[in-house]
Every structure is written in structure tokens, then in C-alpha cells.
Amino acid sequence: AFTLGKTLFYNSLGTAYGIELYRPNRKVTWAFLNDTCQDGTWSEPEPGLICFAYEMMAGQQCWNFYREGAGLRADFVETDGSITPYSATPATQEMTCFGPDVGV
């Protein structure tokens, strides 16, 4: 409910590296900053574990999210079970998608 209709910047060590738009029906659009957008979906295979699957990526990526201030703490769950912390903050601008066919 917190993310629906929002665009969030994903940050590592205080620096934004990616952006994601959350749409209805568990659909998302993700991009590393200044890179091609990828459409995908999210699921919750177990309580608190949110997994993302994108068109151009094999498998899925799973995260634990926690409300923190105006945004979220996003802990990436590695395949070996280790966790890497990130943060996600609301974007103040619209998401821009880049790609090889833009403007063609």
C-alpha cells in the first residue's frame, strides 16, 4: 500500500543508483539511473519477503522492506542468505526511461 502509484529511488551508501515505479496489480518498472527500463512484477512468497521478477533477468530478487522515516529500508536477501542493506526514498521527479529505440 505504501508504494502503489509511487516512484522510489534506491540508494546505496547515500547515493541513488536506481529508480522504480510501482503500478497496480503488482506491476513495476525498474531502471538503473540513465539506463533502459525493465518491466516486471512483484510477489510475496512469505510474509515480509518481497520478490521481484523482470522481463530481462533470469530468476528473481528478494528483499525485506521496513518503513523508515519518509521512505523504506530495503534489505536485499542474497542467494546465500546474507543481507545487504539499501534504502528507498520517494522520488520528486518522474521516472525517465532510456533505451536504444527511444526517438526512432
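The values are calculated or read from the model by the stated rules, or taken from the named source; none is laboratory data. Small disclaimer: the values here were computed from a predicted structure and weren't measured. Note that we place each Cβ from the backbone using ideal geometry, even for glycine, and neighbour counts take in every protein chain shown. What goes into the accessible areas is simple: the full protein's heavy atoms, side chains included, and nothing from ligands, DNA or RNA. Shrake-Rupley method; radii C 1.70, N 1.55, O 1.52, S 1.80 Å.
Within segment 24-104, which GluC sites (Glu not before Pro) sit in a loop by DSSP and count at most 12 neighbouring Cβ atoms inside 10 Å?
E55, E78, E94
Of the accessible area of segment 1-87, with the probe set at 1.4 angstrom, what percent is carbon plus sulfur? Before the final figure, lay out the partial values.
Values: 2740 of 5140 Å².
Roughly 53 percent, rounded to a whole number.
So the label point goes 7 Å from the Cα of E68 along Cα→C-beta, right? Which residues of segment 1-19 then have their backbone N under 12 Å from it?
11-15
Can you tell which of A31, F2, P45 lies farthest toward the positive end of the dipole of the chain, using +1 and -1 charges on the Cβ of basic and acidic side chains (Lys, Arg; Asp, Glu)?
The listed residue farthest towards the positive side: F2.
Once both labels are modelled 7 Å past Cα along the beta-carbon direction, what's the L4-L49 spacing in nm?
That separation, rounded to one decimal, is 2.5 nm.
Residues of segment 1-64: accessible area per residue at 1.4 Å, in Å²?
That works out to 57 Å² per residue.
Modelled label-to-label distance, C97 and D75, 7 Å Cα→beta-carbon offset: nm?
3.3
Once the piece of chain linking I83 and R26 is laid out straight, how much longer is it, given 0.36 nm per residue of separation minus the C-alpha distance between them?
That pair, I83 and R26, stretches by 18.2 nm at full extension.
Please give the charge dipole size of segment 43-104, origin at the Cα centre, charges +1 on K and R Cβ atoms and -1 on D and E Cβ atoms. Round to the nearest 20 debye.
Details: 2 positive and 9 negative charges, 40 e Å.
The dipole of segment 43-104 has a size of about 200 debye.
Of the listed values [x] 2, 12, 21, 28, 22, 10, 4, 1, 0; [y] 2, 12, 19, 20, 19, 15, 9, 3, 0; [z] 2, 12, 26, 26, 22, 9, 2, 0, identify the label whose number matches P(r) over Cα pairs in 5 Å bins from 0, in percent calculated from this model.
Correct label is [x].
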